[in-house]
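*Asks:* Quick one: the structure is below, and I'll ask about it shortly.
The values are calculated or read from the model by the stated rules, or taken from the named source; none is laboratory data. Small disclaimer: the values here were computed from a predicted structure and weren't measured. Here the Cβ is made from the backbone with ideal geometry for all residues, glycine too, and neighbour counts use every protein chain on show. The area values use the complete protein model at the heavy-atom level, side chains included, leaving out ligands, DNA and RNA. Shrake-Rupley method; radii C 1.70, N 1.55, O 1.52, S 1.80 Å.
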Amino acid sequence: EPEVTQTPSHQVTQMGQEVILRCVPISNHLYFYWYRQILGQKVEFLVSFYNNEISEKSEIFDDQFSVERPDGSNFTLKIRSTKLEDSAMYFCASKGQAEETQYFGPGTRLLVL
Amino acid sequence: GESVGLHLPTLSVQEGDNSIINCAYSNSASDYFIWYKQESGKGPQFIIDIRSNMDKRQGQRVTVLLNKTVKHLSLQIAATQPGDSAVYFCAESPFSGGYNKLIFGAGTRLAVHP
């Protein structure tokens, strides 16, 4: 069964450093998403991406965040200068053209020290 | 019920009993709803979904009920098993031309006891 994969599974970084979180969506999916979940809290929408551009973003997704689809398979989330409050699980999700269901990856746990 | 932070509401059931997990959603314009199961350290796993033009949908051992009048969603799990123990999130999606961002509820922890 096809699934969304994410790397790394864990990332520890120093405050102010740049991190890139990587995702491989399900092949033939066209809609891509990033969500985050602070420990013990609910999952929060960050950004949606379609046709090589951002289609919607939340207020969390400020200028420190960017997304890219550098090739036909990867989808990345970059945080330019990490803050302590960026510590969270980051989930990638993808969706096919003719369906509603978003399928989530296993997440990357980011810890900013 | 719903809550935020570390104090998730917990539903404790005996193995073999039926479970009902409730969720209140916020946006009258939402036209798609979905239940996810999240086990510790893993990503949300799709369980079942429903569109706003339906009030009930059944899957394997699971049923979702939608009451648009009171903006309420429920997930029923029949013959609950220990493997069903997890946190369950409902999510709503306001129509947005196909991009479908999901707005998640706070979650309910289901604990199944043998």
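*Asks:* Could you provide, to the nearest whole Å², the per residue accessible area of the protein assembly as shown with probe 1.4 Å?
*Replies:* Dividing the accessible area of the protein assembly as shown by its residue count gives 49 Å².
*Asks:* I've got another one for you. Identify, among B:90, B:38, B:8, the residue whose Cα sits farthest towards the positive end of the charge dipole of chain B, taking +1 on the Cβ of Lys and Arg and -1 on the Cβ of Asp and Glu, with the dipole about the Cα centre.
*Replies:* In chain B, that residue is B:90.
*Asks:* Oh, and also: Could you give each residue of the stretch A:9-25 its phi-based ³J(HN,Hα) in whole Hz, using Karplus coefficients 6.51, -1.76, 1.60 with θ = phi - 60°, and x for Gly or Pro?
*Replies:* For the stretch A:9-25, the Karplus curve yields 7, 9, 9, 10, 9, 8, 3, x, 7, 8, 10, 10, 9, 10, 9, 10, x Hz.
*Asks:* Which value, in Å² rounded to 10, gives the accessible area of residue B:51 with a 1.4 Å probe and all protein chains present?
*Replies:* Counting only protein heavy atoms, the figure is 80 Å².
*Asks:* Compute and list, largest first, the equivalent-ellipsoid semi-axes of the stretch A:4-113 from the alpha carbon gyration tensor, each √(5λ) rounded to a whole angstrom.
*Replies:* Its equivalent ellipsoid spans semi-axes of 22, 14, 13 Å.
*Asks:* So, one more: Between A:15, B:72, A:43, whose Cα lies farthest towards the positive end of the dipole of the protein assembly as shown when Lys and Arg beta carbons carry +1 and Asp and Glu beta carbons carry -1, centred on the Cα centre?
*Replies:* B:72
*Asks:* Another question, if that's okay. Dipole size in debye (nearest 20) for the stretch B:11-108 around its Cα centre, Lys and Arg Cβ +1, Asp and Glu Cβ -1?
*Replies:* Computed charge dipole of the stretch B:11-108: roughly 260 debye.
*Asks:* So, one more: Provide, as a two-decimal number, the C-alpha radius of gyration of the stretch A:58-108 over 2.2 N^0.38 Å, N being how many residues it has.
*Replies:* 1.31
*Asks:* Checking a compactness column here: for the stretch A:1-54, what do you get for Rg(Cα) / (2.2 N^0.38 Å), N being the number of residues?
*Replies:* 1.32
*Asks:* Once phi is turned into θ = phi - 60°, what whole-Hz ³J(HN,Hα) does the Karplus curve with 6.51, -1.76 and 1.60 give for every residue of the stretch A:34-51, x standing for Gly and Pro?
*Replies:* 10, 10, 9, 9, 5, 3, x, 10, 7, 6, 10, 5, 10, 7, 10, 9, 8, 6
*Asks:* Could you give the C-alpha radius of gyration of chain B expressed as a fraction of 2.2 N^0.38 Å, taking N as the number of residues it contains?
*Replies:* 1.03
*Asks:* For chain B, calculate the relative contact order in percent as a whole number, restricting contacts to Cα pairs under 8 Å that are 6 or more residues apart.
*Replies:* 37 percent
*Asks:* Further question on the same structure: I want the local charge near residue B:100. Using Cβ-Cβ distances under 15 Å, sum +1 for each Lys or Arg and -1 for each Asp or Glu among the other residues.
*Replies:* In short, -2.
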